[in-house]
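**Student:** Have a look at this one before I ask anything.
The values are calculated or read from the model by the stated rules, or taken from the named source; none is laboratory data. Quick caveat, the model's predicted, so the values are computed rather than measured. Heads up, the Cβs are rebuilt from the backbone with ideal geometry, glycines too, and the neighbour counts pull from every protein chain shown. For accessibility, only protein heavy atoms count, side chains too; no ligands or nucleic acids. Shrake-Rupley method; radii C 1.70, N 1.55, O 1.52, S 1.80 Å.
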Amino acid sequence: MALPNTASNVVNNVTTQSIGFAPILKYYFGKCAIAKIIDSNIPTNPRRKVLTHGQAAVAMITGLLFQVMQLYRICQFADKTTVLNVILPEVQPKEYFDDRLADTLDAIYDYGIGNPELELTRHMIETFRIQTNICHNDTTSASYYGKAGHNRYPESIQITFGHSKKHRDDLKQLVWSMTASGDAAFPLFQHAYSGNKADVKTYVEQWNNLIDLLGRKDFLYVADCKLISKENVAAICDNDGFFLAPAPMYECYAKVFESAMADHDRELLIGYKGRFNRGFEAPMSIAYEGKDYPLRMIILFDHEVGRTKRMAIDTQIEKTHAAFKELKGQLNCRKLKSCEAVEKACADILKKHHTRRFFTCQITNTPVVTFKNNRRGRPSKHKPIEKVAVHTDHFHVELLPNPEAYDAAIAQCGYYPLLTNKSRDALSIEDAMLAHKGQYKNEHTFRRAKGVYELEPIYPHYPERIEAYLFLFKIALQIVVLIERTARQNIEKRNRGLDDFMPNRDDVRNPKSEYLLSAFEYVVAGLIPLADGNKYGFVSELNEIQPDILSVLEVPKECFSFPYIFNSG
């Protein structure tokens, strides 16, 4: 079949390469001034002619966003894709070899991670107007695969065994603490600790780091119940700080909670997600080194927490019944032939399922009498057989429920106590509830780090490099949060979501960064040879949804033009 006349204008030797969402990253890296700030703090060795420390940091951050975790693979990543060629067009792929990148990690650690981290985060806070009135802190453990103990400096962290939050006690680990703002969970400060560091000893140090970062003390510091120790409370109160955390159920706090539950006569209704939560408060104080610290115990009721707690109690009771049913079949056999052994087995079951307050165990012994020959050997046929009685213990266990304790526990389901030192005028019960409910955002950031961006396993061997690596990891998380936050703010401002963004969904108002960026997966740049021997560069035309995404991200459409991408005329 003959080709149409226009076929003579078809160019067959066009070369194209995928650029994806690299121009968006380039724009945000430039807006955050990552390379500029790092280079202004950490000068490059004069013998190093290419790839400054700031450029190397940007390359490693880009690798983290593309799940390229090993340093030696970044050189391959730069050679096989055009991502780094778009972001750093002046650097050739061969320059990203692992020794040079490791040298940047060493330089960051030797200079001091704190200074560039503070300056960089302050710049982001000012540029994107991040709200920092509420700061959430949390810790996680990151497992380390392989041998450890290559410390170059004695003050660096120790990769060692500790309490693993993912129950991998066979792996060495480090503890990673991060503080995020209540505004979109923007990461503010991070710090790595040795693998056996107790969480309770990290909170005051992180609080002081936030003061250095923000230059003020009036923010509300929200954390989990491990913040509540006498030393931590005294340190924050004595230095004019404010905190909010769940009360641990130690005896002194449990007594105040029980007393408040029994004596209060009214509760404040709080509207939350189409339902009414409730709350009230009671005063209490903590004594430390001869000084009393007055606190407020804010007791809240949440329907979803109550439903979950009731289900948990019923499940525990069911498991207790099942365990005792199994125990009855094992009584009077092997290791369960004494009263002490049976009592211990019953106590272990109640302790395991946390049901000691709901049950008591009644152990009864009905000895069984049997008879045996008085003498050993075969009995004589000519003499009467002498028999002796043998008494053998035979135990029975009955599980007796305590309905009063069960009813009291069910009545308290959904109530949980918070502790704060902020006054009622400065922090209402409703504001305290909302601040505490924002704590999940920090946990979501850790899930994102360990899930999509594969924090584990940690590949650098030297602990000093790991600390610098985690600093870059935090920057990568900051970029992800800024992209997501910018899009959602602009969608809320214009009161219109993204259409045709996700399958079977229109008007999407809470897009995630990963989906926003993946919408540009198939964007390509190419070169067309001209008749005069020159080449014409182009970028594939954006589809209908992509300009709308660029609009909510505040990324100029010109960022997807060939001159911007490759700095060419």
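**Student:** Quick one: work out Rg over Rh on the C-alpha atoms of segment 393-491, Rh as Kirkwood radius.
**Tutor:** Working: Rg = 23.8 Å, Rh = 19.2 Å.
Rg/Rh for segment 393-491 comes to 1.24.
**Student:** Still on this structure, I have one more. Tilt of helix 114-128 relative to the longest C-alpha principal axis of the chain, in degrees (0 to 90, nearest 10)?
**Tutor:** Helix 114-128 and the main axis of the chain meet at about 70 degrees.
**Student:** Provide Rg and Dmax in Å for the chain, with only Cα atoms included in the calculation.
**Tutor:** For the chain, the Cα radius of gyration and maximum Cα-Cα distance read 32.6, 131 Å.
**Student:** Tell me the angle of helix 98-111 to the major Cα principal axis of the chain, expressed in degrees between 0 and 90 and rounded to the nearest ten.
**Tutor:** 70
**Student:** Something else about it: Put Met297, Met502 in order of accessible area, largest first, 1.4 Å probe: what do you get? Don't skip to the answer; put the middle values down first.
**Tutor:** Numbers: Met297 0, Met502 55 Å².
So, going from the largest accessible area down, we get Met502, Met297.
**Student:** What value in Å³ per residue do you get for the convex hull of the alpha-carbon atoms in segment 85-177?
**Tutor:** Once divided by residue count, the hull of segment 85-177 is 188 Å³.
**Student:** May I ask you to derive the relative contact order of segment 296-376, considering only C-alpha pairs under 8 Å and at least 6 residues apart, and to give it as an integer percent?
**Tutor:** Numbers: 24 pairs, mean separation 21.8, N = 81.
In percent, rounded to a whole number, it is 27.
**Student:** Could you work out how far the C-alpha centroid of segment 60-128 sits from that of segment 497-558, in angstrom?
**Tutor:** About 25 Å separates the Cα centre of segment 60-128 from the one of segment 497-558.
**Student:** Just flag the trypsin sites (Lys or Arg not before Pro) in segment 28-69 sitting in loop per DSSP whose Cβ has no more than 11 other Cβ atoms within 10 Å. Could you put the intermediate results ahead of the total?
**Tutor:** Working: sites: Lys31, Lys36, Arg47, Arg48, Lys49; in loops: Arg47, Arg48, Lys49.
Sites meeting the loop and neighbour criteria: Arg47, Lys49.
**Student:** Ok, one more. Could you work out the relative contact order of segment 362-497, using alpha carbon pairs under 8 angstrom and six or more residues apart, expressed as a whole percent?
**Tutor:** Working: 61 pairs, mean separation 22.2, N = 136.
Computed value for segment 362-497: 16 percent relative contact order.
**Student:** Grab the Cα-Cα distance for Val200 and Asp212, subtract it from 0.36 nm times how many residues apart they are, and report the gain in nm with one decimal.
**Tutor:** On the way: separation 12, 0.36 × 12 = 4.32 nm, distance 2.05 nm.
The span from Val200 to Asp212 would gain 2.3 nm if fully extended.
**Student:** Compute, for the chain, the length of the dipole vector about the Cα centre, with Cβ point charges of +1 (Lys, Arg) and -1 (Asp, Glu) only. Units Debye, rounded to 20.
**Tutor:** On the way: 71 positive and 68 negative charges, 594 e Å.
So the magnitude is around 2860 debye.
**Student:** I'd like to compare 326-336, 169-179, 392-402, 191-201: which one has the highest average count of other Cβ atoms within 10 Å, and what's the full order after that? Don't jump to the answer; show the numbers that get you there.
**Tutor:** Working: 326-336: 12.2, 169-179: 20.6, 392-402: 14.2, 191-201: 18.2.
Result, highest mean Cβ count within 10 Å first: 169-179, 191-201, 392-402, 326-336.
**Student:** Once you wrap a convex hull around the alpha carbon atoms of segment 55-100, what is its projected area averaged over all directions, in nm²? Intermediate results must be reported in sequence, preceding the final value.
**Tutor:** On the way: hull surface 10.5 nm².
One quarter of the hull surface, i.e. the mean projection, equals 2.6 nm².
**Student:** What percentage of the solvent-accessible surface of the chain, computed with a 1.4 Å probe over protein heavy atoms, is contributed by carbon and sulfur atoms?
**Tutor:** Details: 15390 of 30110 Å².
Using a 1.4 Å probe with all protein chains present, the chain comes out at 51 percent carbon and sulfur.
**Student:** Further question on the same structure: Rounded, prolate or oblate: which fits segment 453-569, taking a ≥ b ≥ c as square roots of the Cα gyration tensor eigenvalues, rounded meaning a/c under 1.5, else prolate when a/b beats b/c?
**Tutor:** Values: a/c = 2.42, a/b = 1.17, b/c = 2.07.
Oblate, because a/c is 1.5 or more while a/b does not exceed b/c.
**Student:** Tell me the Kirkwood hydrodynamic radius of segment 1-121 in angstroms, computed as one over the mean inverse distance between distinct C-alpha pairs.
**Tutor:** One over the average 1/r among Cα pairs gives 16.1 Å for segment 1-121.
**Student:** Ok, one more. In degrees, nearest 10, range 0 to 90: what is the angle between the Cα axis of helix 22-32 and the longest Cα principal axis of the chain?
**Tutor:** That works out to roughly 80 degrees.
**Student:** Please list the equivalent ellipsoid semi-axes of segment 185-295, computed as the square roots of five times the alpha-carbon gyration tensor eigenvalues, in descending order and whole angstrom.
**Tutor:** Values: eigenvalues 155, 77, 42 Å².
Here the semi-axes work out to 28, 20, 14 Å.
**Student:** Name the shape class, rounded, prolate or oblate, that the alpha-carbon gyration tensor gives for segment 144-214, where a ≥ b ≥ c are the square roots of its eigenvalues, rounded holds for a/c under 1.5, and otherwise prolate holds if a/b is larger than b/c and oblate otherwise. Can you show the working numbers first?
**Tutor:** Numbers: a/c = 2.35, a/b = 1.68, b/c = 1.40.
Cα axes put segment 144-214 in the prolate bin.
**Student:** What Cys residues in the chain have no fellow cysteine's beta-carbon under 4.7 angstrom?
**Tutor:** Cys32, Cys75, Cys135, Cys225, Cys237, Cys252, Cys333, Cys339, Cys413, Cys559
**Student:** Right, another one. Of Thr132, Met178, Gly149, which is farthest on the positive side of the dipole of segment 128-196, counting Cα position, with +1 on Lys and Arg Cβ, -1 on Asp and Glu Cβ, and the Cα centre as origin?
**Tutor:** Of the listed residues, the answer is Gly149.
**Student:** I would also like to ask the following. Taking segment 119-175, which GluC sites (Glu not before Pro) meet the DSSP loop condition and have no more than 10 other C-beta atoms within 10 Å?
**Tutor:** Values: sites: Glu119, Glu126, Glu155; in loops: Glu155.
Counting only loop positions with at most 10 other Cβ atoms within 10 Å, the GluC sites (Glu not before Pro) in segment 119-175 are Glu155.
**Student:** Which length gain, in nm to one decimal place, applies between Lys147 and Glu267 when the Cα-Cα distance is subtracted from 0.36 nm times their residue separation? If you can, show how the numbers build up before the last one.
**Tutor:** Details: separation 120, 0.36 × 120 = 43.20 nm, distance 5.58 nm.
Result: 37.6 nm gained on full extension.
**Student:** Once you have a ≥ b ≥ c as the square roots of the Cα gyration tensor eigenvalues for segment 463-530, tell me rounded if a/c is under 1.5, and otherwise prolate or oblate according to whether a/b is larger than b/c.
**Tutor:** Verdict is oblate for segment 463-530.
**Student:** When the gyration tensor of segment 230-350 is built from Cα positions, what are the square roots of 5 times its three eigenvalues, in whole Å, from largest to smallest?
**Tutor:** Details: eigenvalues 332, 111, 29 Å².
Those come to 41, 24, 12 Å.
**Student:** From Cα pairs below 8 angstrom and at least 6 apart in sequence, can you work out the relative contact order of the chain, rounded to a whole percent? Don't skip to the end; give the middle numbers.
**Tutor:** Working: 851 pairs, mean separation 106.3, N = 569.
Over the chain, the number comes to 19 percent.
**Student:** How large is the accessible surface per residue of the chain, computed with a 1.4 Å probe and reported in Å² as a whole number? Don't skip to the answer; put the middle values down first.
**Tutor:** Details: 30110 Å² over 569 residues.
With the other protein chains kept in place, the chain gives 53 Å² per residue.
**Student:** Here is a follow-up. Output needed: percent of Cα pairs per 10 Å distance bin for segment 328-394, bins running from 0 to the one holding the longest distance.
**Tutor:** 17, 32, 21, 15, 10, 5, 0
**Student:** Where does the chain land at 222 nm, in deg cm²/dmol rounded to the nearest 500, when only DSSP H runs of n ≥ 4 count, each adding -39500 (n - 2.57), divided by all residues? The partial results should precede the final answer.
**Tutor:** Values: 19 runs with 232 residues, N = 569.
Mean residue ellipticity at 222 nm (helix-derived): -12500 deg cm²/dmol.
**Student:** Kindly provide the Kirkwood hydrodynamic radius of segment 78-126 in Å, to one decimal, from all pairs of distinct alpha carbon atoms. Walk me through the numbers before you get to the answer.
**Tutor:** Working: mean 1/r = 0.0775 Å⁻¹.
Over segment 78-126, the inverse of the mean reciprocal pair distance is 12.9 Å.
**Student:** Going by average Cβ density within 10 Å per residue, which order do the peptides 342-348, 313-319, 385-391 take, highest to lowest?
**Tutor:** Details: 342-348: 16.0, 313-319: 14.0, 385-391: 9.9.
With the highest mean Cβ count within 10 Å placed first, the list reads 342-348, 313-319, 385-391.
**Student:** What value does segment 329-484 have for Rg/Rh, both radii from Cα atoms and Rh as Kirkwood defines it? Spell out each step's value before the answer.
**Tutor:** On the way: Rg = 32.1 Å, Rh = 23.9 Å.
Answer for segment 329-484: 1.35.
**Student:** Also, I was wondering about something else. Cut-off under 13 Å on the C-alpha distance; same-chain residues fewer than 8 positions from Lys217 excluded. Which aspartates and glutamates are left, in chain and number order?
**Tutor:** Once the sequence-local aspartates and glutamates are set aside, what remains near Lys217 is Asp238, Asp240.
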